[in-house]
Amino acid sequence: MEKKWLLLITILIFLLFTFLFWVLTIGYAKKGYGTKMWKHWPTRLSYWQAAILYSIGLTAITMFLLKWGNILTF
């Protein structure tokens with residue numbers, strides 16, 4: 001049961017960081033690439049790849065900080 005909660009917390013933290021990345025950078029990315037270029041899938045693919053990679057990194061750091069602070073045990 002404890003592993004299920006840990007997995008749920010990890011997924012929620014990942015989704016939170018992905019959402020924050022999207023909210024903070026979508027306007028800048030669309031403006032930077034332009035609307036015509038933004039409609040091409042390679043541009044959006046690289047944007048979402050960056051979003052996922054940043055979210056994975058921040059999730060890993062957060063999980064280890066929570067472990068270090070004895071808030072989570074795994």
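The values are calculated or read from the model by the stated rules, or taken from the named source; none is laboratory data. Being a predicted model, the structure only gives us computed values, none of them experimental. Here the Cβ is made from the backbone with ideal geometry for all residues, glycine too, and neighbour counts use every protein chain on show.
Hey, any hits in the stretch 25-40 for a residue that's surrounded by 15 or more Cβ atoms within 10 Å (Cβ to Cβ), modelled with pLDDT under 95 and aromatic (Phe, Trp, Tyr)?
Yes, there is a match, as at least one residue in the stretch 25-40 is surrounded by 15 or more Cβ atoms within 10 Å (Cβ to Cβ), modelled with pLDDT under 95 and aromatic (Phe, Trp, Tyr).
What's the number of the only condition in (1) under 20 Å from Ile71 (Cα atoms); (2) of a type in the set (Phe, Trp, Tyr); (3) under 17 Å from the mean Cα position of the chain (by Cα) that Trp22 fails to meet?
Single failed check for Trp22: (1).
If you take the residues of the stretch 41-60 that are among the hydrophobic types (A, V, I, L, M, F, W, C) and surrounded by fewer than 12 Cβ atoms within 10 Å (Cβ to Cβ), which of them is farthest from Ile13 (Cα to Cα)?
At the first step, the residues of the stretch 41-60 found to be among the hydrophobic types (A, V, I, L, M, F, W, C) are 41, 45, 48, 50-53, 56, 58, 60.
From what's left, surrounded by fewer than 12 Cβ atoms within 10 Å (Cβ to Cβ): 41, 45, 53.
On the way: Trp41: 27, Leu45: 22, Leu53: 14 Å.
Applying the filter and picking the extreme gives Trp41.
Checking Lys67 against (1) touching a Ser or Thr at 6+ places or on another chain (Cβ under 8 Å); (2) at pLDDT below 90, which test does it fail?
The failed condition is (2).
When the stretch 16-59 is examined, which residues are found to be touching a residue at least 12 places away in the same chain (Cβ under 8 Å) and closer than 21 Å to Leu72 by Cβ?
Phe17, Thr18, Ser55, Ile56, Leu58, Thr59, listed by residue number.
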